[in-house]
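Notes follow the structure.
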Amino acid sequence: MNMSIEEKLGVDKYLVDENNAHIEIDNTHSDIQEKMKLVNACPAGLYKLSDDGTLSFDYAGCLECGTCRILSMGKVVSKWEFPLGTMGIEYRLG
Ligand code: SF4
C-alpha cells in the first residue's frame, strides 16, 4: 500500500509535554536568512515567518529529527533537547 508522507505522519502518536518545551527559539535574533533556513528545513513545517519578520514555532508535532539543532543551535535555536521519557513522537510506521 502506497501512503503519502502526510498519511504516514497522520498515524504517528504525539504526547506533548505541555510544561516543558524541548525546543526553544530566540526571537530577538534579527537575521531573516537564519530564520528562513528553519522554515525551509523543518520537515514538519513547525517554523513560520510572518510578514514583519517574527518567527513563530510550535514544538508540538516535532519529529525529533534534529535538523534545526544542526542548522541553528546557538543562533535562532536557543534550546534543543529530546522530550522527557514517554513524551514526544511515537512512530507507528518506522
Ligand atoms: S527537530 Fe526536526 S521536526 Fe523538530 S522542530 Fe527541529 S527540524 Fe522540525
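The values are calculated or read from the model by the stated rules, or taken from the named source; none is laboratory data. Values in this document were obtained by computation on a predicted structure and should not be read as measured data. Positions of Cβ are backbone-derived with ideal geometry, glycine not excepted, and every protein chain shown enters the neighbour counts. The protein model used for the area step is the full one, side chains on, heavy atoms only, and it has no ligands, DNA or RNA in it. Shrake-Rupley method; radii C 1.70, N 1.55, O 1.52, S 1.80 Å.
Restricting the stretch 15-27 to residues that are open to solvent by 30 Å² or more (accessible area, probe 1.4 Å) and within 11 Å of the chain's Cα centre (by Cα), the residue that is nearest to Met87 (Cα to Cα) is Glu24.
The set of residues in the stretch 67-80 that are more than 21 Å from Glu6 (Cβ to Cβ) and surrounded by 12 or more Cβ atoms within 10 Å (Cβ to Cβ) comprises Arg69, Leu71, Ser72, Met73, Lys75, Val76, Val77, Ser78, Lys79, Trp80.
Could you tell me whether the stretch 1-8 includes any residue that is within 13 Å of the ligand (Cβ to nearest atom) and under 14 Å from the mean Cα position of the chain (by Cα)? No. Against the conditions (1) more than 14 Å from Glu81 (Cα to Cα); (2) within 14 Å of the ligand (Cβ to nearest atom); (3) open to solvent by 40 Å² or more (accessible area, probe 1.4 Å); (4) in contact (Cβ under 8 Å) with a residue 60 or more places away in the chain, Asp12 satisfies every one except (3).
Restricting the stretch 28-63 to residues that are closer than 14 Å to Val77 by Cβ, away from the ligand (no atom under 15 Å from the Cβ) and in contact (Cβ under 8 Å) with a residue 12 or more places away in the chain leaves a set whose member that is most open to solvent (accessible area, probe 1.4 Å) is Asp31.
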